[in-house]
Amino acid sequence: MRILVTGGTGFVGSAFVRTALAAGHSVAVISRTARVVPATGEDWVHLNGSLAEPPWSGISRFNPDACVHAAWIATPGVYLESAENRSWVDWSQSFLNRLVAEGVRQVVALGTCIEYRINGVPLVEDHSEIVPASLYGQSKDVLHRALRQNLERHGVALAWARLFYPYGPGEHPDRLVSSLIRRFRAGERVTLKTPRSIKDYIHVDDVAAALLRTLETRFNGAINVGTGIGVAIGDLARQVAESVGRTELLDVPEIGVADPLDFVVADVARLKSLGWTQQVRLERGLQRMIQAEL
């Protein structure tokens, strides 16, 4: 398969590129930089450009069968309410609609678990209510609805992959796991705000495998990309502190701050029905990250 990837030098996108190449697919990455370079001899090309200014001549030469759209603003502390989300909706619609007009027949686009109304139970595609509370979630939902209408009219398969909480080597240093590792190693005391909040953490390699599976099976529809296993933030932080050997630096208050996203766990029956299984359990994934940062 010839796969065009936006955001292919980012955290999730680069993991997908590595997974797709290892599976024998041809990949083209759109970015302003080729900083993530796959192994020599692998079937990939770098197309210099962006979603706002796509390299259409290079895209035409590559002649993709499918597209994985991973590009979006994702800076911790910024992305949830950034006005830039609206621009990403416009850029994405324009880009993907033209790709379809040029013959692409499959699209996998990254959505988010916080499109859902968080209600204290596992979240189920096509069943749990979609009521995003942030501009980021609202923008993802707007794009999903627009693409669903246009792509279905052209007979294009759209997998809308709602990612839960990816973690792993290469993530932004201010994301939770990387931040905890860095702060413990620096001897900094950490006081958790929402230790009882439960989230569905999934290793980025498992995310990449799930995205590739949706392509290879020509899945069409919304699909959760998580593990189905919730972990309390306090328990996750304890695992990191123990692995780094700095448990004395962790403060876990018995009553934390109220979290509107207090239980965000995926129902993954649909993903598993495609033949996907979790390969990297949380303990092993945390150990990988800690070793990678030594």
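FYI, it's all coordinate maths here, none of it is from the lab. Please read all numbers here as calculations on a predicted model, not as lab measurements. Note: ideal-geometry Cβ built from the backbone for every residue, glycine included; neighbour counts use all protein chains shown.
When only C-alpha pairs under 8 Å and at least 6 residues apart count, what is the relative contact order of the chain, in percent?
19 percent
Check the straight Cα-Cα distances from LYS193 and name the aspartates and glutamates below 15 Å, setting aside those fewer than 8 residues away within the same chain.
Within reach: ASP235, ASP251, GLU254, ASP259, ASP262.
Considering only THR277, THR214, THR112, give the residue with the highest GNM mean-square fluctuation for the chain, with springs between Cα atoms whenever their separation is below 10 Å.
With Cα springs under 10 Å in the chain, the top fluctuation among THR277, THR214, THR112 is at THR277.
What are the residues whose amide H is under 5 Å from the amide H of GLY221, where those residues sit 5 or more places off or on another chain and H is modelled from the backbone?
Correct list: LEU158, ALA159, TRP160.
Return the single residue from HIS172, HIS46, HIS127 with maximal mean-square fluctuation; model: Gaussian network over the chain, springs between Cα atoms under 10 Å.
HIS127
Can you list the GluC sites (Glu not before Pro) in segment 207-294 that are in a DSSP coil and have 11 or fewer other beta carbons within 10 angstrom?
GLU254
Pick out which of LEU212, LEU250, LEU163 has the largest mean-square fluctuation in a Gaussian network model of the chain, springs linking Cα atoms closer than 10 Å.
For the chain, modelled as a Gaussian network with Cα springs under 10 Å, the answer is LEU250.
Rounded, prolate or oblate: which one fits segment 134-272, using the alpha carbon gyration tensor with axes a ≥ b ≥ c (rounded when a/c is under 1.5, else prolate when a/b beats b/c, else oblate)?
Prolate, because a/c is 1.5 or more and a/b exceeds b/c.
Where both partners of a DSSP beta bridge lie in the chain, what percent of those bridges are antiparallel, to the nearest 5?
5 percent
Using the C-alpha atoms of segment 219-280, what convex hull volume per residue, in cubic angstrom, is computed?
Once divided by residue count, the hull of segment 219-280 is 104 Å³.
What shape does segment 1-104 take by its C-alpha gyration tensor, where a ≥ b ≥ c are the square roots of the eigenvalues and a/c under 1.5 counts as rounded, a/b above b/c as prolate, and the rest as oblate?
oblate
Can you classify the chain as rounded, prolate or oblate using the Cα gyration tensor, where a ≥ b ≥ c are the square roots of its eigenvalues, rounded means a/c under 1.5, and otherwise it's prolate if a/b beats b/c and oblate if not?
Verdict is prolate for the chain.
Plugging the Kirkwood radius over Cα pairs into Stokes-Einstein for segment 68-191, at a temperature of 20 °C and a viscosity of 1.002 mPa s, what D comes out in µm²/s?
Stokes-Einstein gives a translational diffusion coefficient of 132 µm²/s.
Any chance you could run the full-extension gain for HIS154 through GLU53? It's 0.36 nm times the residue separation minus the Cα-Cα distance, nm to one decimal.
Contour length minus the Cα-Cα distance gives 34.0 nm.
For segment 105-151, take N as its residue count and report Rg(C-alpha) divided by 2.2 N^0.38 Å.
Its radius of gyration relative to the 2.2 N^0.38 Å reference: 1.19.
Under 23 Å Cα-Cα from LYS272, which lysines qualify once same-chain neighbours fewer than 8 residues away are excluded?
Filter leaves LYS199.
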